[in-house]
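All remarks here apply to the structure that follows.
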Amino acid sequence: MKPSGVVTLLTDFGLEEPYVCMMKGVILSVNPAARIIDISHHVTPGAISQAARMLQETYPYFPFGTVHVAVVDPGVGTDRRPIVLIARSHLFVGPDNGIFSPILEACPEAEVIHLSKARYFLPHISDTFHGRDIFAPVGGHLSRGADPFDMGPIIYDPIHLKFPASYTKEGSLYGEIVQVDHFGNLITNIRRGDIEGFVGRSVPLVRLGDIRIEGIRRTYAQTEPGEILALFGSSDYLEIAVNRGRAVDRTGLSSTEIIGSEVEVSRREPDGDHS
């Protein structure tokens with residue numbers, strides 16, 4: 001695989017502390033020509049599923065040969081393995097804690113390597129910062145064209161996490177809130193295809209707690225300012241939003257508390273349809 005020279009970073013470190021800067025410094029020390037792109041450093045601390053979803057949605061927009069370093073690692077310092085995953089002409093570096101589960105599920109032919117060759121790490125390995133001491137230098141070496149198969153043995157039992165999926169029950173389609181974005185939009189795990197297959201020609205009715213929404217809009221501007229609405233976001237998942245406002249503020253819960261809240265989609269016949 002020809003390296004693109006691009007390294008992406010996805011962490012839950014935030015930007016108030018120097019942790020991300022340290023990782024970038026390590027990558028550039030290994031490969032001064034690397035181009036480093038931040039996916040996000042505001043993943044909810046320890047939220048592996050949130051990071052997994054962000055990575056799955058983001059990586060296809062990068063050139064082949066890109067190295068994606070993902071560090072949401074509540075098990076740092078334990079016996080969980082550091083790995084590199086080779087899938088669809090991309091390289092993914094991070095902990096073996098399920099963060100790459102959606103990619104493994106979508107790409108069963110992916111190859112996974114246990115990072116065990118210390119010459120690709122920093123000389124001193126901290127018990128609490130493998131992002132700097134293992135994953136960043138490995139990412140730097142891979143971005144220069146190092147052979148991932150030289151970094152350790154292939155493994156066949158990477159951690160697979162099952163993330164919540166939408167389901168039907170008693171005439172309704174159910175999912176949950178999985179993310180609150182910067183705009184306060186409530187992003188669900190219900191895909192456009194699931195809703196379209198469930199609703200057909202009927203009118204979808206979306207419920208979140210006491211919030212009831214009839215119909216799914218195409219754009220925010222199809223509602224009045226301050227009006228709550230449902231629509232499909234750019235990744236084709238159902239979202240609940242407020243035109244020029246923050247939907248999360250309508251729930252009475254914080255951005256953390258709302259995660260996991262049930263969303264129900266039911267249906268009714270359109271007006272005038274008596275068939």
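The values are calculated or read from the model by the stated rules, or taken from the named source; none is laboratory data. These figures come from a predicted structure and were not determined experimentally. Here the Cβ is made from the backbone with ideal geometry for all residues, glycine too, and neighbour counts use every protein chain on show. Surface areas here come from the heavy atoms of the whole protein model, side chains and all, with no ligands, DNA or RNA. Shrake-Rupley method; radii C 1.70, N 1.55, O 1.52, S 1.80 Å.
Inspect all residues belonging to the range 52-71 and state whether any of them is outside any strand (DSSP E or B), open to solvent by less than 30 Å² (accessible area, probe 1.4 Å) and in contact with an Asp or Glu (Cβ under 9 Å, 6 or more places away or on another chain).
Among the residues of the range 52-71, not one is outside any strand (DSSP E or B), open to solvent by less than 30 Å² (accessible area, probe 1.4 Å) and in contact with an Asp or Glu (Cβ under 9 Å, 6 or more places away or on another chain), which makes the answer no.
When the range 216-255 is examined, which residues are found to be farther than 20 Å from Arg53 by Cβ, open to solvent by 90 Å² or more (accessible area, probe 1.4 Å), part of a loop (DSSP other than H, G, I, E, B) and of a type outside the set (Lys, Arg)?
Once the filter is applied, which keeps residues that are farther than 20 Å from Arg53 by Cβ, open to solvent by 90 Å² or more (accessible area, probe 1.4 Å), part of a loop (DSSP other than H, G, I, E, B) and of a type outside the set (Lys, Arg), the range 216-255 yields only Glu224.
Is it true that some residue in the range 175-195 is over 25 Å from the mean Cα position of the chain (by Cα) and either surrounded by fewer than 20 Cβ atoms within 10 Å (Cβ to Cβ) or polar (S, T, N, Q) (or both)?
No: the range 175-195 contains no residue that is over 25 Å from the mean Cα position of the chain (by Cα) and either surrounded by fewer than 20 Cβ atoms within 10 Å (Cβ to Cβ) or polar (S, T, N, Q) (or both).
For the range 89-112, which residues satisfy the criterion of being free of Cβ contacts under 8 Å to residues at least 60 places away in the same chain, among the small types (Gly, Ala, Ser) and outside any strand (DSSP E or B)?
Hits for the range 89-112 are Ala106, Ala110.
To keep it simple, each residue is scored yes or no on (1) free of Cβ contacts under 8 Å to residues at least 40 places away in the same chain; (2) under 25 Å from Ser116 (Cα atoms); (3) of a type outside the set (Phe, Trp, Tyr).
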| site | (1), (2), (3) |
| --- | --- |
| Leu9 | no, yes, yes |
| Asp12 | no, yes, yes |
| Leu15 | yes, no, yes |
| Val20 | yes, yes, yes |
| Ser29 | no, yes, yes |
| Val67 | no, yes, yes |
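Which condition number does Leu28 fail, the rest of (1) under 16 Å from the mean Cα position of the chain (by Cα); (2) in a helix (DSSP H, G or I) being met?
It is condition (1) that Leu28 fails.
For the range 123-170, enumerate the residues that are within 30 Å of Leu253 (Cα to Cα) and open to solvent by less than 50 Å² (accessible area, probe 1.4 Å).
Result: Ser166, single match.
Mind telling me which of the residues Asp133, Asp157 ends up being more than 21 Å from His90 (Cβ to Cβ), under 25 Å from the mean Cα position of the chain (by Cα), in a loop (DSSP other than H, G, I, E, B) and acidic (Asp, Glu)?
So the residue among Asp133, Asp157 that is more than 21 Å from His90 (Cβ to Cβ), under 25 Å from the mean Cα position of the chain (by Cα), in a loop (DSSP other than H, G, I, E, B) and acidic (Asp, Glu) is Asp157.
Name the pairs: first residue in the range 70-88 and closer than 15 Å to Tyr19 by Cα, second residue in a strand (DSSP E or B) and not hydroxyl-bearing (Ser, Thr, Tyr), Cβ to Cβ under 6 Å, at least 6 apart or on different chains?
Ala70/Leu10; Ala70/Gly94; Val71/Gly94; Asp73/Pro95
Between Phe198, Phe121, Phe135, Phe149, which is among the aromatic types (Phe, Trp, Tyr) and touching a Lys or Arg at 6+ places or on another chain (Cβ under 9 Å)?
Phe198
For a quick check of your reading of the model, give me the residue pairs whose first member lies in the range 199-212 and is more than 17 Å from Ala241 (Cβ to Cβ) and of a type in the set (Ser, Thr, Tyr), whose second is part of a strand (DSSP E or B) and open to solvent by 50 Å² or more (accessible area, probe 1.4 Å), with beta-carbon atoms closer than 6 Å and at least 6 apart or on different chains.
Final answer for the pair search is Ser202/Arg267.
For the range 75-85, does any single residue satisfy the condition of being acidic (Asp, Glu), open to solvent by 30 Å² or more (accessible area, probe 1.4 Å) and either at pLDDT 95 or above or touching a Ser or Thr at 6+ places or on another chain (Cβ under 6 Å) (or both)?
No, the range 75-85 has no match at all.
Within the range 4-46, count every residue that is crowded, with 16+ Cβ neighbours inside 10 Å, polar (S, T, N, Q) and closer than 13 Å to Val138 by Cα.
2
Which residues, counting only those in the range 1-25, are touching a helix residue (DSSP H, G or I) at 6+ places or on another chain (Cβ under 7 Å), hydrophobic (A, V, I, L, M, F, W, C) and part of a loop (DSSP other than H, G, I, E, B)?
The one that is touching a helix residue (DSSP H, G or I) at 6+ places or on another chain (Cβ under 7 Å), hydrophobic (A, V, I, L, M, F, W, C) and part of a loop (DSSP other than H, G, I, E, B): Phe13.
Residue by residue through the range 5-47, note down the ones that are among the hydrophobic types (A, V, I, L, M, F, W, C) and modelled with pLDDT under 95.
Quick first cut of the range 5-47, residues among the hydrophobic types (A, V, I, L, M, F, W, C) only: 6-7, 9-10, 13, 15, 20-23, 26-28, 30, 33-34, 36-37, 39, 43, 47.
Answer for the range 5-47, where residues must be among the hydrophobic types (A, V, I, L, M, F, W, C) and modelled with pLDDT under 95: Val43, Ala47.
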